[in-house]
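*Asks:* My questions all concern the structure below.
The values are calculated or read from the model by the stated rules, or taken from the named source; none is laboratory data. Everything numeric here is computed off the predicted structure, so don't read it as measured data. All Cβ positions, glycine included, derive from the backbone under ideal geometry; neighbour counts span all protein chains shown.
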Amino acid sequence: MSRGTNMIYSDPSVETYRYRSLPKATGHMSPFAHNMNFLPMASSPMGGSLVYNRFEDPGNDLQSHEDADKSELERFWTLTPDALVTHSYEMLNQPSVEFTRQMWWESLTRYYGGPRALATRRIMEDLSNLFRISNSFVACINVPLFLSTFHHPSQREHVQPSLVLAMLALSTLLQSSEIGFGQEGRLKALELRDLAQSHFDMSLNCGWVSPDLAQAALVLVVFEASCHPVHFESRVQSALFLLDSLISGLGLLHLDKEEYNVTTFSPNTVPSLLAPFSDPIGQAAIGQGATKRGCSCSRFQLSSTSPSSRKITPLWFTSPGWSEEWGVAETRREEQRRLIWNTLTVTSGHLSYYDFVDRTSQNFSIAKPWNCSSRVRDSLDLRRCKMTWPRNTPYGRFTRGAIMLYTSCLSVHDDASMSEYDKGQFALQAWLESERIEKMLNSHTCHIERVNLYFGRQILFDTRNLVSSQYSRYVPHPNIGDPHFHRDKAMSWLNHQKNVAHQFLGALSHVTGLRNTLATRPYLTFWFHDQLARYLDTWRQDPTLRIALDLCVQLLPPAEYIMALFPSNDPREKYEILHQRLVDACILSGIPAPPPPNYIL
């Protein structure tokens, strides 16, 4: 398929769903919603500070925001495309586009029903709920800048309607478990999702293509990857391919191509975002480990650079902060960089899931590291913003390195043009690189790994599985050493996963703990599926690793609980297949088999 801004990926296997008309607004708030006493706003646009440093009571008249000074925002929207990204795009002034810009907000307030002021308040509550309960997959959005633009009628016309509708759809879904808004809320979320897709398609067809359209595509991917009534894998794949096509068409993969300090990679080579071994700081971090060096990641998290953000986006607190020194244009560029890395994280998780569940291969442009020249902010960038960040310290850099290593291994594995010798050399270098990344991860003392469920180590484990399964094929006489080396790595990873299981089980027993947490996390359904598939696959490779089966059994209660909260046939069918595999494995291992699935709350 050719990729371009006027192309839309279509999957003929995906049906178009229509839903019955529902009440547009119920007049009551989510049972999980706190009083919305804080709405983030950027400080005066003239001041250029785009951080969480000012809050407004939503009870105030929003007209005060609409009348605020917006000169810098207006200046931003008149910048030439070259001033925003290195790939040019524009919003065409066709009558249909102009009409949509002027009318989409009016239509949305009518959809929510009631007086205009009340409908506006409900929309803002849903957006605030999304920021409060969503995970960091959508943390590429600078919330103060988004809301500062959103509150100004003249600037709101430039916001992609599909972005707002997708955010409202996801917010509604996250609040619509069986102990939340229930089935009615989930169907309303699907209605909003369909409206978002309709506006998305219209923008593509009319040539109104901009980076926030890609943000809308990412939110739609998160929606489709969550458990909802009509979830199907084909819908997730279609949403991912659309996002990948749009990012490629906008040229965002080459956002920093002309920067002198951007890291780029050659095709079919092992990518590395780490400093070379000759680098003294990198060597020190590797040699000293966590007990001597530790890390300073927490200094640069959003919760540290903008403490007020904990009230607005409490689950984004480990994401990178936003500098007060950045103006609107640079903040927009940084949003685009984070969009790339968040998309890569979601895509790698999808690829890894498929590698373990049905062994299918997927082809995404963003999954090839040599296609990407979007910068990871390093010490040079942060010094320019009066911040310091020692090289090889940021946890996010290592996680991204692990992701790029894994996706490059998938690409090389599927590349029929490479010789077996070249694949063997690549496999050896990839294994060594995974060792380097693991040593750097071990140098961290921060809590980011635990918050992110050890995702970086999971991806490293996937990489080693992929490399080791092909290693003897390409290199008949491996020189890595101990034949139980891979088993040791599996044990290390399983021990990390044991911590994750204890984290879930420890909270599940508390009414105010994980039970309420899972009630707003439908996307974790497939994380549980993924973990079960990995543990079973690990046990299949080495049946002496009974800890893998123990972990499967421990994860069954929260997995079944979240599927009871968000009923859906397709996820339950997939889970029951995994459950039966676990029962068979337990019988073979001589340990008690788990009881049948229980979806009763």
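*Asks:* What tally of residues in the stretch 204-243 results from selecting those that are part of a helix (DSSP H, G or I) and either of a type outside the set (Gly, Ala, Ser) or in the same structural domain as Thr331 (by TED's automatic domain parsing) (or both)?
*Replies:* Residues in the stretch 204-243 being part of a helix (DSSP H, G or I) and either of a type outside the set (Gly, Ala, Ser) or in the same structural domain as Thr331 (by TED's automatic domain parsing) (or both): 22 in total.
*Asks:* Could you look through the stretch 534-548, keep only residues that are buried (at least 22 other Cβ atoms within 10 Å of the Cβ) and either on the phi > 0 side of the Ramachandran plot or of a type outside the set (D, E, K, R) (or both), and pick out the one that is nearest to the chain's Cα centre (by Cα)?
*Replies:* Initially, the stretch 534-548 is screened for residues buried (at least 22 other Cβ atoms within 10 Å of the Cβ), giving 534-535, 538-539, 548.
Remaining after also requiring either on the phi > 0 side of the Ramachandran plot or of a type outside the set (D, E, K, R) (or both): 535, 538-539, 548.
Values: Tyr535: 23, Thr538: 26, Trp539: 29, Ala548: 27 Å.
Among residues in the stretch 534-548 that are buried (at least 22 other Cβ atoms within 10 Å of the Cβ) and either on the phi > 0 side of the Ramachandran plot or of a type outside the set (D, E, K, R) (or both), the one nearest to the chain's Cα centre (by Cα) is Tyr535.
*Asks:* Check the stretch 545-554 and report whether any residue there is outside any helix (DSSP H, G or I) and farther than 20 Å from Tyr523 by Cβ.
*Replies:* Checked the stretch 545-554: at least one residue is outside any helix (DSSP H, G or I) and farther than 20 Å from Tyr523 by Cβ.
*Asks:* Within the stretch 163-198, work out how many residues are in a helix (DSSP H, G or I) and either of a type in the set (Ser, Thr, Tyr) or in contact with a helix residue (DSSP H, G or I) (Cβ under 9 Å, 6 or more places away or on another chain) (or both).
*Replies:* 25
Residue-wise test of (1) among the aromatic types (Phe, Trp, Tyr); (2) at pLDDT below 50.
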position: Phe265; (1), (2): yes, no
position: Pro271; (1), (2): no, no
position: Ser278; (1), (2): no, yes
position: Gly282; (1), (2): no, yes
position: Gly289; (1), (2): no, yes
position: Leu302; (1), (2): no, no
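*Asks:* Here are some residues: Asp201, Asp194, Asp244. Which one is acidic (Asp, Glu) and crowded, with 22+ Cβ neighbours inside 10 Å?
*Replies:* Values: Asp201 fails: crowded, with 22+ Cβ neighbours inside 10 Å; Asp194 fails: crowded, with 22+ Cβ neighbours inside 10 Å.
Answer to the selection: Asp244.
*Asks:* For Asp201, state whether it is within 20 Å of the chain's Cα centre (by Cα), among the acidic types (Asp, Glu) and assigned to a helix (DSSP H, G or I). Can you show your working first?
*Replies:* Working: within 20 Å of the chain's Cα centre (by Cα): no; among the acidic types (Asp, Glu): yes; assigned to a helix (DSSP H, G or I): yes.
Judged against the criteria, Asp201 is not a match.
*Asks:* Tell me which residues, restricted to the stretch 253-264, are out of contact with any Ser or Thr (no Cβ under 7 Å at 6 or more places or on another chain) and closer than 15 Å to Trp341 by Cβ.
*Replies:* Thr263
*Asks:* Inside the stretch 408-439, can you point out the residues that are within 12 Å of Pro271 (Cα to Cα) and acidic (Asp, Glu)?
*Replies:* Scanning the stretch 408-439 gives a single hit, Glu433.
*Asks:* Enumerate the pairs (first residue in the stretch 306-334 and assigned by TED's automatic domain parsing to the domain that holds Ser148 and basic (Lys, Arg); second residue anywhere and buried (at least 21 other Cβ atoms within 10 Å of the Cβ) and modelled with pLDDT of 90 or more) with beta-carbon separation below 8 Å, excluding pairs fewer than 6 apart on the same chain, so at least 6 apart or on different chains.
*Replies:* So the pair list comes out empty.
*Asks:* Using beta carbons and a limit of 8 Å, which pairs, at least six apart or on different chains, have the first residue in the stretch 426-449 and in contact (Cβ under 8 Å) with a residue 12 or more places away in the chain and the second one among the acidic types (Asp, Glu)?
*Replies:* Once the first residue is in contact (Cβ under 8 Å) with a residue 12 or more places away in the chain and sits in the stretch 426-449, its partners that are among the acidic types (Asp, Glu) give Leu441/Glu449.
*Asks:* Checking Gly114 against (1) in contact (Cβ under 8 Å) with a residue 40 or more places away in the chain; (2) in a helix (DSSP H, G or I), which test does it fail?
*Replies:* Gly114 satisfies all of (1) in contact (Cβ under 8 Å) with a residue 40 or more places away in the chain; (2) in a helix (DSSP H, G or I) except (2).
*Asks:* Tell me whether the stretch 556-568 contains one or more residues that are more than 23 Å from Leu494 (Cα to Cα), modelled with pLDDT of 95 or more and of a type outside the set (A, V, I, L, M, F, W, C).
*Replies:* yes
*Asks:* What number of residues in the stretch 402-425 are modelled with pLDDT of 85 or more and under 28 Å from the mean Cα position of the chain (by Cα)?
*Replies:* Going through the stretch 402-425 one residue at a time, the tally reaches 11.
*Asks:* Tell me, which residue of the stretch 489-522 that is surrounded by 16 or more Cβ atoms within 10 Å (Cβ to Cβ) and of a type in the set (Gly, Ala, Ser) is modelled with the lowest pLDDT?
*Replies:* Ala507
*Asks:* Just to be sure before I move on: is Ser469 assigned by TED's automatic domain parsing to the domain that holds Gln429, at pLDDT 65 or above and either small (Gly, Ala, Ser) or closer than 30 Å to Phe131 by Cβ (or both) in the structure I sent?
*Replies:* On the way: assigned by TED's automatic domain parsing to the domain that holds Gln429: yes; at pLDDT 65 or above: yes; either small (Gly, Ala, Ser) or closer than 30 Å to Phe131 by Cβ (or both): yes.
In short, yes.
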